[in-house]
Amino acid sequence: MADQLSLTVNGQQHTVSSTPETPLLYVLRNELHLTGPRYGCGIAQCGACAVLLDGAEVRSCITPIAAATGKKIITIEGLPALWAESKNVPANEHTLHPVQQAWIDEQVPQCGYCQSGMMIAAAELLATKPSPTIAEIKDAYTNKPPSPHLCRCGTYAAIIRAVQRASVAMKA
Amino acid sequence: MNATLPSSLPANFRTSLPRLTRRGFLQSGGALIVSLASPRIHAQATNPTMPARNISIASWLELRDDGTIIVRTGRTEIGTGMSGFYPQIIAEELCVHPSTIRLIMGDTDRTPDGGYSAGFLTGADNLRKVGAYTYQALLRLASKKLRVPVASLIVEEGIVCGADQKISYADLVRNQRLDLTIPVSGDLATVDAKAWNGLAGLDGLTVLGNPPTRPVGKYKYIGTSNPMPGIPDKVTGRTQWTCDVSLPNMLHARMVRPPTLGSTLIAAGKIDNTAYPTAQLIVKHNLVAVVSPNEWEAVSASQAVAADMKWSEWSGLPTSDKLTEALRSYKWSKPSEAKGSVEETAAAFGAAAKKLSATYEQPYVKHAPIGPYVAVADVRLDGSATIWSHSANSQGLRAQIANTLSTTIDKVVVRWLDHAGQFGRTTFGGDGAEGDAAILSQLTGRPVRVQWTLQDDFAWSASSPGWVEDIACSLDANNRITALKSSFYSGQSNDARIVGAILAGMPTIQSRPDYWIATEWPYDRIPHRHEEVFGMPNLGSDSPSGVGMRGLIMRTPGQRQQNFALESLINEAAAATHTDPIDFRLAHISDSRLIDLIHATAKAADWQPRPSPNPNPRKTDGTQLHGRGMCLMIRQNACWVGIAEIVITPSTGVIQVTKFTIGADPGKIINPPQLERCMLSGVVMGISEALKEEVTFDTGRITSTIWSSYKILTMAEMPEIKTVQISHDDKGYGGGSEAANAVCPPAVAAAFHDATGIHPRRIPLTPAYVTQLLNRNPTTPAKS
């Protein structure tokens, strides 16, 4: 039967009833109603389900919740608070992470299905590399394991512009 | 009170429409409601032998006394910016800011018109007229209220001014309920055995008449940036996507599909309810699913039970390696469509100084959205059904679901929500998980959410079929093409049957395997041409399960394929005559719009005239081969030009497109930044198709079912992209977002020839195919 596991998601502690091998994606979506991460492939080949786990991007579709306990999980719903915390300012419902603001300003999403994962990847990249070159952005989105972040609408050019815009905003 | 009656209306409309009536005065609130007046619905309501349709007809537009304007359209946002364009168009006619307009899209019970979501041009024409009729009615209301003639009124941002007085739209409708009915024609979608794809009315209703519209020279919002309204919610996680619908008592389902596209069920397995206590196996004919209140349990139990199912063997496919042979060996009868004169073309070929011929081909490719199909259905005992869907044709889907469930159309509601881009696969209102969900909900008596896996989607969704085209041209002594003839052969692209219904043995629509001439002819100075196209039934269409390799249209359908053959032959002819490919085209074109765009795009790409192949493909580094190529296309009142620059690494066969310059002239540009992003992203999809995409299949099943076997372009493989836009105030609107993908493959193929001297006659140009081409031509520069 289901165990009681504790997860820390977007700064809040949750007790969930799913079995330990259940992928984090299903728990986030169906138990915690955080629908930012989305099912794309179920085998870590596309990036639509990406979340941050202790600041590092993971694919929630193959990450069992047992591997996420005791770690800080961030979905796109938690990006504003993450940013506010890093700046030591209070967050409210209008707060946006600079990555989210850049995604709006550059009108990145077309269908938008993959973009939660794209923004998570941007947040991770900019946390570790505040001023990435175009080549470094392309490398991060393509060659970092476990797979490239795929966008079928083809928004890659807009993503590059948005990452650069967010980079400037985060250093301001 | 009558609004301005357009003189172009047929007499039967002029007697009653458009009409503005006051339904009464209200204590509070107030609105102007713009509804359709359909002759069909009117006739039904007054004919005693036909019961009135017991459904409310949603209005087009609602102008409320708080200043908000709600606009309803059955067409949906498919990722290319329509949700931004439609408000611009209607705002322009109403003289209000686009941000005051809220769009409701796609819901069959809350939108009036139906129609293809990809059909932006007809959708825009409808909404422009809705806005124009409403504007005329508002002017008349203001004229009466202010006692100022209509001709003396001006409107700014929803405030009507005249004779030193002013009144807002909101105040004009306050405390009143005003109805404006406007004339329409057409029918909503229905199943129709006589229709080419089994459905009639997919283009929905058309607003009639020609109300006075704003002159293009006075446009304030069209031609400027207007953001897509849904984006802030998408980047913050507030959007409710189709996959997010969660209903009380809902079951999650995973499908257990047959091992091949033709297998039938011999014996169903059993679910181990000690391991999966709440999972349940549902079987209807060949439709098998596992349902559970817990999604992960449905996933796990479906994987476990799949190994325990017994299906028949089937091996009716030719394999993807032998696709071309299969197309060649099919007994084609007469063409589905033909254009031009056989005799004149034959005479020109007979008198030719030179003739060129080639055969081009492409395998099956996939729409391949990042989100596999998903749907939720709630089918009740009374026969009513609500479907939550991301179909690009909600009305068509509604008709199909009603047909499959053997209920009436008025009992089915389709609610549309955002989801992953479809790229044409739901344009005819079919395919998808909706059929599975509706059937499972009917069987279980509970709401059911069906999420296809990625593997399900690659293996069981429809594909854009493989094709072969024979094409030839004749040239005179001056190196001018005198005639061109082409024969295009493809699997059908209109099988919109719902796969769940086929497997369950329930009613489905039927289509005819016809194809169509999609080319819009740019070369008006080529005197003679003869084109013919042939369609064949799906591969495996006679399989025991009835499924087979279903074919459906995909982005820039038909023209994407036929333009590849046409433009590749034009490039071959330019090379054969030792002429620069742009100069060669200019000698065969007189359309000044196209000529201007060619020049502007060539300038942006820094194109230096010379014939192909490249006399110095190795440049200075010695190991890689450099080439450039171009192509053009006309589609839906828009001109397109693509110029590719590539680098080939012969040792690996890898092609990198280093730079792509794309030019578009879509008439009056509505929203330049949104057009630019559609051009940039369309190039990514087009290069992906040129270099990577191929559905592989064995004798029974599709084998490219994950992203590592169906490869698409990654960010690192994207070239530097330059865009060129030309807007014309006097040319109307053209198709501005779809076609960007189609100008990539011919330009990349031409660049390959420029670099190697070899004409590639097949896409994708994968490393394996490139290596094969280079090895087959030992005398080319690649091996020198």
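Here, each number is a calculation from the coordinates, and none is a lab measurement. Computed from a prediction, not measured in an experiment: that's the story for all the values here. Neighbour counts run over all protein chains shown; Cβ positions are idealised from the backbone, glycine included.
Quick notes on this one:
- Classified by the C-alpha gyration tensor, the protein assembly as shown has a rounded form. Its axis ratio a/c, with a ≥ b ≥ c, is below 1.5.
- Of the GluC sites (Glu not before Pro) in region A:1-65, those whose Cβ has at most 16 other Cβ within 10 Å and which sit in DSSP loop: A:GLU21
- Computed from label points 7 Å out along Cα-Cβ, the spacing between B:GLU313 and B:ARG525 is 6.2 nm.
- Stretching B:THR703 away from B:ASP730 to a fully extended chain increases their span by 4.7 nm, per 0.36 nm per residue minus the current alpha-carbon distance.
- Kyte-Doolittle mean at least 1.6, axial Cα span of 27 Å or more - DSSP H helices of chain B: none
- On the basis of the beta-carbon distance and an R0 of 60 Å, B:ILE154 and A:ALA84 show a calculated FRET efficiency of 0.80.
- Straight-distance crosslink candidates among aspartates and glutamates, where the alpha carbon sits under 15 Å from B:LYS354 and sequence neighbours closer than 8 are dropped: B:ASP476, B:GLU572
- Globularity ratio of region A:18-172, using Cα Rg and 2.2 N^0.38 Å: 0.99
- Estimated from helices alone, the mean residue ellipticity of chain B at 222 nm is -8000 deg cm²/dmol (sum of -39500 (n - 2.57) over DSSP H runs with n ≥ 4, per residue).
- Seen against the Cα atoms of chain A and their longest principal axis, helix A:115-128 is set at about 70 degrees.
- Here region B:585-742 is treated as an ellipsoid with the same Cα gyration tensor; its semi-axes, largest first and in whole Å, are 29, 23, 14.
- Stokes-Einstein, applied to the Kirkwood radius of region B:83-217 over Cα pairs at a viscosity of 0.692 mPa s and 37 °C, places its translational diffusion at 198 µm² s⁻¹.
- Among the GluC sites (Glu not before Pro) found in region A:76-123, those both in a DSSP coil and sparsely packed, with 16 or fewer other Cβ atoms within 10 Å of their Cβ, are A:GLU93.
- For A:25-37, mean number of other protein chain Cβ atoms within 10 Å: 3
- Contour excess over end-to-end distance, with Cα ends at B:ALA716 and B:SER357 and 0.36 nm allotted per residue: 125.6 nm
- Links that overshoot a 26 Å alpha carbon limit, given the list B:LYS619/B:LYS659; B:LYS129/B:LYS339; B:LYS234/B:LYS659; B:LYS619/B:LYS722; B:LYS659/B:LYS711; B:LYS129/B:LYS411: B:LYS129/B:LYS339; B:LYS234/B:LYS659; B:LYS129/B:LYS411
- Compared with the alpha-carbon gap, the fully stretched path from B:ARG238 to B:ASP591 is longer by 122.3 nm at 0.36 nm per residue.
- Average beta carbon contacts from partner chains per residue of A:112-119, 10 Å cutoff: 6
- Reach of A:LYS129 by Cα under 21 Å, taken over lysines that are not fewer than 8 positions away in the same chain: A:LYS72, A:LYS87, A:LYS138, A:LYS144, A:LYS171
- Shielding of peptide B:666-678 by partners, expressed as the average count of other chain Cβ atoms within 10 Å per residue Cβ, is 2.
- Percentage of interatomic Cα-Cα distances in region B:423-537 larger than 24 Å: 47
- Cα gyration tensor category, rounded, prolate or oblate, for region B:685-784 with a/c compared to 1.5: oblate
- Percent RCO, i.e. relative contact order, over chain B, from Cα pairs under 8 Å lying at least 6 residues apart: 13
- Region B:329-473: antiparallel DSSP beta bridges as a percent of all, rounded to 5: 75
- Cα shape, chain B, gyration tensor, a/c 1.5 rule: oblate
- Taking the number of Cβ atoms within 10 Å of each Cβ as an exposure proxy, the fewest-first ranking of B:LYS485, B:LYS310, B:LYS355 is B:LYS310, B:LYS355, B:LYS485.
- Relative contact order [Cα under 8 Å, 6+ residues apart], region B:193-327, whole percent: 23
- Judged by the mean number of other Cβ atoms found within 10 Å, the most tightly packed of the peptides B:281-292, A:124-135, B:575-586 leads the ranking B:281-292, B:575-586, A:124-135.
- Amide N proximity, region B:62-90 versus B:SER168 label position 7 Å along Cα-to-Cβ, cut-off under 12 Å: B:64-69
- Straight-line cross-link reach from B:LYS166 at under 18 Å between alpha-carbon atoms covers these aspartates and glutamates, not counting any fewer than eight positions away in the same chain: B:ASP65, B:ASP66, B:GLU156, B:GLU157.
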